[in-house]
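**Q** Let me give you the structure first, and then I'll get to my questions.
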Amino acid sequence: MRILIYGFGPYRQFRENITAKIIKLLPATADLKTVVFPVRFQRALFVQALKKHRPDIVLGLGQSSRRGIEVETKAVNRRRPGKAEKQRPIFARERKQLPTTLKVKAGRWAKVSKYAGDYVCNYSMYVILREIAREKLNIAFGFIHIPHDYDERAARRFIEGVLRQCYRSGALRITKLATKLSPRGKQAFPTRAGQGRA
């Protein structure tokens, strides 16, 4: 089983991104590949990573300004506008949202989120989920937001716990994109736009 974990580099006022720090702490193995992307709305970055590594699982990590770790459940077809731009979709005339397909147990250390923002984290999620669906790839995808001031080693332990879940479950439960994801026993933790997510 091949797993790809990605995070992001610096952006705006953040000279360091906690996701890049966490990735450096993860053990390097033949089956675990890591990538730190620049914070850009650039579809090719994410699509090429899928083609290069050909993973069975992709786990994205993003930095946030929230108080705790959040397990994202869907990507929205919306991106933050630049200067003098209006809000627009990532892909015109396509689905408004796509659910994540990797079953991640939030546990007591995290909450479930139904909104990943409209910045590059959400963009990467939508691009990857769309590519998986279009190419009919047997890849499970999940995404986790981590506060910028969270303890790095505690975050690493949480991510390692997620990896253990993946290995134990074998492949993972992959849901069809047409199916709405509804985590059992977890209260939705809605967030608002502009919370400083990568």
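**Q** Being modelled with pLDDT of 95 or more, under 15 Å from the mean Cα position of the chain (by Cα), surrounded by 14 or more Cβ atoms within 10 Å (Cβ to Cβ) and aromatic (Phe, Trp, Tyr) is the requirement here; does PHE158 meet it?
**A** So PHE158 does not fit the description; no.
**Q** Specify the residue that is surrounded by the most Cβ atoms within 10 Å (Cβ to Cβ); the eligible residues are those in the stretch 101-116 that are closer than 23 Å to SER65 by Cα and in contact with a helix residue (DSSP H, G or I) (Cβ under 9 Å, 6 or more places away or on another chain).
**A** ALA116
**Q** Being of a type in the set (Val, Ile, Thr), touching a Leu at 6+ places or on another chain (Cβ under 6 Å) and either closer than 21 Å to PHE8 by Cβ or modelled with pLDDT of 95 or more (or both) is true for just one of VAL58, VAL71, VAL76. Which residue is that?
**A** Criteria check complete, one pass: VAL58.
**Q** Taking the stretch 117-158, which residues are part of a helix (DSSP H, G or I), within 17 Å of GLY107 (Cα to Cα) and of a type in the set (A, V, I, L, M)?
**A** ALA154, ALA155 - these are the residues of the stretch 117-158 that are part of a helix (DSSP H, G or I), within 17 Å of GLY107 (Cα to Cα) and of a type in the set (A, V, I, L, M).
The values are calculated or read from the model by the stated rules, or taken from the named source; none is laboratory data. Everything quoted here is computed from the prediction, not taken from an experiment. All Cβ positions, even for glycine, are placed from backbone atoms using ideal geometry, and neighbour counts span all protein chains on display.
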